[in-house]
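The values are calculated or read from the model by the stated rules, or taken from the named source; none is laboratory data. Please read all numbers here as calculations on a predicted model, not as lab measurements. Cβ coordinates were reconstructed from backbone atoms using ideal geometry, including for glycine residues, and neighbour counts include every protein chain displayed. SASA here: full protein model, heavy atoms, side chains in, ligands and nucleic acids out. Shrake-Rupley method; radii C 1.70, N 1.55, O 1.52, S 1.80 Å.
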Amino acid sequence: MSAPVSLASIAVSLHILIQVAIAVRIVLRPHRDPASRIAWLVVNFAMPILGPIAYILFGEVNIGRHRAEHRRRLLARLPAMRELEGSDSQPLFGQMPERHLHLFRVGQSISNFAPVGGNHGTLMADSNATIDAMVEDIDGAKEHVHLLFYIWLPDNNGSKIAEALQRAASRGVACRALADDLGSRLMIRSAQWRSMRQAGVRLGSALPIGNPLLRPFRGRIDLRNHRKIVVIDDRITYCGSQNCADPEFRVKAKYAPWVDAMIRFEGPIARQNQYLFAADWMAHVDEDLDDLLLGPMPDAGPGFPAQVIGTGPTIRYSAMPEMFESLIYSARTELIITTPYYVPDSPMQAALCASARRGVATSMVLPARNDSWIVAAASRSYYAELLDAGVWIYEYVGGLLHTKSLTLDGEVTLIGSANMDRRSFDLNYENNILFYDPTLTAEVRRQQEGYIAKSVRLAEQTVSDWSWHRRLWNNAIAMLSPIL
């Protein structure tokens, strides 16, 4: 007579089945690079209890079936962008050299936005100047004001924008403001938010968390809307790295000041940012903005070509790294990159090394003190290989360098919200603008040189002299980057 099976044996067998099932899902899951698969398999089996739970919560890019389906239906029914230019045979493509056309084709493959000409841009001097310019434009708005921010704080600058929106709403301007439910939770729960609503400003929360205990079962809680978009009267738009907050950034004051870059654009490019805003707004607010997208495009006189690139977890896989890598491989003389968070995938690291090795003056500017100790450690694990290839690495010491900018051969610029890390690649909704204009690119490049002047250039010897335990720490954290 066999002994009865114990509850402990049943529990162990069930647990093993769960681990095996998760391992099979990890291997079969599409769009996952081998390093990520291996990392998750190790976590799954090395931590019998926490590993499977971690994978269920954070292992897959999942905003929730309902949200994903709602976005898919929304984007399918939105009117197509009525570009003024959009094919190789039209005049726009004569406004830039042949050697750069493929970059805009890559961008178009991501968001279906063709590059549009007739744009003008002004690089803002600093964070406070950006807010002052936004307030002035909001005060001058005649039809509508649309804002979307990842972080909006009820501080001095955040209050200035809130008050400007209230003034605009009081004179009949349609004002809509969308803020990420996690990043802007202080503003959303503040008296300022209630005052804006009472004044007639239409408000929305992007990717609302709801019950934090139930949220993980409906989609990942850390998939966020990281975009920073301002559109005024369909003809003015802002794009860059700045959130709606003071540079002192009081929620993380010890890293201040936060150093950002924003460009104020005028021209048809505003319609493309309008499109991104409308898609995000209608995903969270029951209001149809189709009429705004069907109106006549802003007049396009002389001006440079530009293109909005919007990415996110419901956009095609690997879109943002493809854009970065295309730009890096296109460089022929000079490449300058500023980013606060550098945790690349293997192809991006290889692209930067190849850039320096073929003789391109390749510079990267990163913050010396990072608000994320995980990212700081992981970033530095890549320094030795970059320096060995000839990349110049500068660590900015004037605060937390938050600017996300790339200038290419003194002619092309990419600016926006996307970092060069896996969070921006896979998890966040991001917005960037790619443009060809040697004059404005020269301004962005001068700003980048200003960052370099306040930085310490790292030498190969400095990095090689790091203690073994510091290198062990950096490399160990980097090994986990595929799952972070």
Counting only C-alpha contacts under 8 Å and six or more residues apart, can you give the relative contact order of the chain as a whole percent?
17
What order do Trp473, Trp373 take when sorted by accessible area (1.4 Å probe), most exposed first?
Trp373, Trp473
Assuming R0 = 35 Å, can you tell me the calculated FRET efficiency for the pair Ile16 and Ser467, based on Cβ-Cβ distance, to the nearest 0.05?
0.30
Please give the contour-minus-distance gain from Arg358 to Val456: 0.36 nm per residue of separation, less the Cα-Cα distance, rounded to one decimal in nm.
32.8 nm
Considering only DSSP beta bridges where both residues belong to the chain, give the percentage that are antiparallel (nearest 5).
60
For the chain, the percent of accessible surface on carbon and sulfur atoms (probe 1.4 angstrom, ligands and nucleic acids excluded) is 58
Between the modelled labels at Ala199 and Glu163 (7 Å from Cα along Cα→Cβ) the distance in nm is 0.9
Scoring segment 231-386 by relative contact order with C-alpha pairs under 8 Å, at least six apart, yields a percentage of 18
Label-point gap, in nm, between Arg77 and Arg105 - each point 7 angstrom along Cα→Cβ:
3.5
Solvent exposure of the chain as accessible area per residue, Å², 1.4 Å probe
42
Restricting to lysines and to Cα separations under 20 Å from Lys228, and discarding same-chain partners fewer than 8 apart, the set is Lys160, Lys252, Lys404
3J(HN,Hα) from dihedral phi, segment 264-281, Karplus parametrisation 6.51/-1.76/1.60, rounded to Hz, x for glycine, proline:
8, 9, 10, x, x, 4, 4, 5, 5, 5, 4, 5, 4, 4, 4, 4, 5, 5
Under the rule of -39500 (n - 2.57) per DSSP H run of 4 or more residues, summed and divided by the residues of the chain, what mean residue ellipticity at 222 nm is obtained, to the nearest 500 deg cm²/dmol?
-12500 deg cm²/dmol
Quick one: what are the phi-derived ³J(HN,Hα) couplings along segment 125-140, Karplus 6.51/-1.76/1.60 with θ = phi - 60°, whole Hz, x for glycine and proline?
5, 6, 5, 5, 5, 4, 4, 4, 5, 4, 4, 4, 5, 5, 5, x
If R₀ is 35 angstrom, what is the calculated FRET efficiency for the pair Ile49 and Ile209, using the beta carbon separation as r and rounding to 0.05?
0.90
